[in-house]
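Accompanying notes for the structure given below.
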Amino acid sequence: MAQNSNLHTFHIPVMGLAYTIDSPIRVAQYGISSVISIIDDEVIEKMHAFYSKKFNFNYEGISNKIDDYRALRITSYLNMVDSVVQQKFEAFKQELAESKDSLNNYIAMLPNKSELKKGLRNLIEDGIVIKDTIKNYLENNLSPGEIDVNIMTKVDKDNFIKNQQLPVNYNDAHASLRGFANSNLNSSVVLSAGMNPRLYSYIENFKDFYPDSNGILKKKIILKVSDFRSAIIQGNFLAKKGLWVSEYRIESGLNCGGHAFATDGFLLGPILEEFNKKKEQLIQSAHELMTKALTIKEMPIPINPLQLKITVQGGVGTAEEHQFLLDHYQMDSVGWGSPFLLVPEATSVDTDTRELLAKSVEKDFYISQISPLGIPFNTVKGTTNEVLKQNRIKEFKSGSSCPKKLLALSKEFSDQGICTASRKYQDIKLEELETQKESISLIEYEKKKTKITEKSCLCVGLVNAAYLENNIKIKGEEQGVVICPGPNLAYFDKIVSLSNMVKHIYGNTSVNSSINRPNIFINELKMYVDYLKNEIEESTSEMTAGQIKKWHYFKNNLLEGVDYYFKLFTETQFFKKDFVTIQNQLHNYKISINNLQIPKLEIV
């Protein structure tokens, strides 16, 4: 079988806890790479049972009563996914060799500049339709997409048996990493949500993350980052342990799905520019540090630096934007996330939620405070979770029963941690609030009450769509569906086939709505301007010098970003039909930024 050679120039990033839980099973045979979240072992175990039955594999359930069950469940599921992908991939190659229609349809899905596309077309044009010839060509040139996994590093809760704390290796993220490390996969772990030194150090324990005598990594590390400084700090930290970061996955801070980690006003374009210019610095710095570490460990040392990819995701929506990111910034791949929520062949979403996403417009997508992590969270109006949550609040039963406790990270009331979306936590906080009722205004009281009760049970809400789509029984208190699309989804208004979505990415059809969609960079700029406005307007307490300094820094970074875009759009040959509109938008946003009322910093 051919080694994976990135047949496609896009990948499907992780979405939620379960929206991409089985995406490799759905799309890997076409050479499309995708990412599975492996933090929730319960949904993993249920999906393992579901697919074992579907593909006639032997399934032996792993009880949560046995030692290390979380890691064992993850390893077992990933091994099964690998087996299913190989099975489907072999069947797909056979189908392509036997059916000219299937072959032509697949050729239409490939990138326009693809060597595989060119080679298959040449065989057909030369009249070579012999089954064995086509099969041999596919054997040498076609490979399945990567089965990558994601661990949100902050979701690393301590675990207990009764009141006895288990060793750190049994923490949630640690166990998830171990589950991946012990699997048969030859793929990557995507580490997101910032640096967890203890978890990063734990990677040292697994030989698959080190290069062999031929400089080959069986398992690779991908870091999701928002800026260059973060990338080089984290990359060098790992390199000092002999570990190589194979990819930096840059994500827009606000123009993305899931949790929104806003930068200090640094915009995507300037961030990509810095990565493009300093890529060699990332490589050389890490290579030197890794070489020293491997020498001390007496392990094989690669003569040359290992491969390093830079990729980007967040808010891309057109073929022109896709190609611009590849060509101008030399990106190795572009992540398309939220649009694939409208593709039943690619993601695990129930029918009602897909229809909600398809009909939702710009004003329906918003950044909420529903995440128990206390980090802004992208969502959409009208989810069943929001309806059920509001009904419970009206009945004075706010909060979740918290069956999974993956986000039970608050130590405010218990050393074992409580989730801020749980009924237990909210009852305590609401009782505290009642004691303040006489001393604060009604407006302030309602504001504080909303802040307590608005948190949603993400652990349950983010997996229910997968259960509903696959008719898997949902136990426990009804939570409905939480979904976390990026705001870019407002410009996609219908359910789309996999073939058409891929053709859209490569500019061979269009599935965008007729709504006038802003350019990816303009859309993100608007979000950052709105974000800073809200920060300033909602600061009710006395402003500190630190806050004021931060806002000025944020504002200056935005202005520098706008100036960068004026120059970029003037010089590039892309986006010419929208040039005047974009220049006017940049001009207007520059005025808005300059008009932001931030107190002057007093010089002491």
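Results, tabulated for the structure shown:
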quantity: Å² of accessible area per residue within the stretch 33-121, as computed with a 1.4 Å probe and no ligands counted; calculated: 46
quantity: Cut-off 19 Å, label 7 Å out along Cα→Cβ of Asp352, residues of the stretch 6-23 by amide N; calculated: 18-19
quantity: Modelled FRET efficiency - R0 41 Å, Lys567 with Lys405, Cβ distances, 0.05 increments; calculated: 0.25
quantity: Label-to-label distance, nm, for residues given as Lys240 and Ser414 (7 Å Cα→Cβ offset); calculated: 3.6
quantity: Helix-only mean residue ellipticity at 222 nm for the chain, each DSSP H run of n ≥ 4 adding -39500 (n - 2.57), per residue, nearest 500; calculated: -14500 deg cm²/dmol
quantity: Cα gyration tensor shape of the stretch 365-407, rounded if a/c is under 1.5, else prolate or oblate by comparing a/b with b/c; calculated: oblate
quantity: Lys220 long-range amide H proximity, modeled H, under 5 Å; calculated: Ser187, Ser188, Val189
quantity: Subset of Lys117/Lys473; Lys154/Lys219; Lys405/Lys447; Lys437/Lys549 violating a 31 Å alpha-carbon distance limit; calculated: Lys117/Lys473; Lys437/Lys549
quantity: Amide H contacts under 5 Å for Ser33, placed H, 5+ residues apart; calculated: Ile12, Glu146
quantity: Filter on Lys157/Lys397; Lys277/Lys533; Lys157/Lys475; Lys404/Lys455 - keep pairs with C-alpha separation over 21 Å; calculated: Lys157/Lys397; Lys277/Lys533; Lys157/Lys475
quantity: Cα gyration tensor shape of the stretch 389-432, rounded if a/c is under 1.5, else prolate or oblate by comparing a/b with b/c; calculated: oblate
quantity: 22 Å Cα cut-off, lysine pairs counted over the stretch 1-96 (separation 8 or more, or different chains); calculated: 6
quantity: Reciprocal mean inverse distance between Cα atoms of the chain - Kirkwood radius, Å; calculated: 25.7
quantity: Descending semi-axes in Å of the stretch 1-121, equivalent ellipsoid built from Cα gyration tensor; calculated: 32, 16, 10
quantity: Per residue, in Å², the accessible surface of the stretch 341-476 once ligands and nucleic acids are set aside, probe 1.4 Å; calculated: 51
quantity: Table column - 3J(HN,Hα) (Hz), the stretch 52-68, Karplus curve with 6.51, -1.76, 1.60, x for Gly and Pro; calculated: 4, 5, 5, 10, 6, 9, 5, 10, 10, x, 10, 6, 7, 8, 8, 5, 6
quantity: ³J(HN,Hα) computed for each position of the stretch 401-415 - Karplus, 6.51 cos²θ - 1.76 cosθ + 1.60, integer Hz, glycine/proline x; calculated: 5, 6, x, 9, 6, 5, 10, 7, 10, 6, 9, 4, 10, 7, 5
quantity: Cα-based Rg / Dmax (Å) for the stretch 505-604; calculated: 17.0, 61
quantity: Cross-link partners of Lys577 among aspartates and glutamates (Cα-Cα below 12 Å; sequence separation of 8 or more within a chain); calculated: Glu320
quantity: Summed side-chain charge close to Cys457 - residues other than Cys457 whose Cβ falls under 10 Å, Lys, Arg +1, Asp, Glu -1; calculated: +3
quantity: For the stretch 298-388: rounded, prolate or oblate by the Cα gyration tensor [a/c cutoff 1.5]; calculated: prolate
quantity: Beta bridge orientation in the chain: antiparallel %, DSSP, nearest 5; calculated: 25
quantity: Net charge of neighbours whose Cβ lies under 11 Å from the Cβ of Thr263, counting Lys and Arg as +1 and Asp and Glu as -1; calculated: -3
quantity: Computed lengthening from Glu444 to Glu90, 0.36 nm per intervening residue step minus Cα-Cα distance; calculated: 121.2 nm
quantity: 3J(HN,Hα) from dihedral phi, the stretch 21-35, Karplus parametrisation 6.51/-1.76/1.60, rounded to Hz, x for glycine, proline; calculated: 4, 10, 4, x, 4, 7, 10, 4, 4, 8, x, 8, 8, 8, 10
quantity: The chain - percent of accessible surface contributed by carbon and sulfur, probe 1.4 Å; calculated: 50
quantity: Neighbourhood charge, 13 Å Cβ-Cβ cut-off, centred on Ser63 and excluding it, Lys, Arg +1 and Asp, Glu -1; calculated: -3
quantity: Set of lysines with alpha-carbon distance to Lys240 below 17 Å, sequence-local pairs under 8 removed; calculated: Lys207, Lys220, Lys292, Lys297
quantity: Difference of contour (0.36 nm per residue) and Cα-Cα distance, Ile428 to Thr581; calculated: 49.9 nm
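The values are calculated or read from the model by the stated rules, or taken from the named source; none is laboratory data. Predicted, not measured: the structure shown is a model, and the values here were computed from it. We place every Cβ from the backbone using ideal geometry, glycine too, and count neighbours over all the protein chains shown. All accessible areas refer to the heavy atoms of the entire protein, side chains included, with ligands and DNA or RNA removed. Shrake-Rupley method; radii C 1.70, N 1.55, O 1.52, S 1.80 Å.
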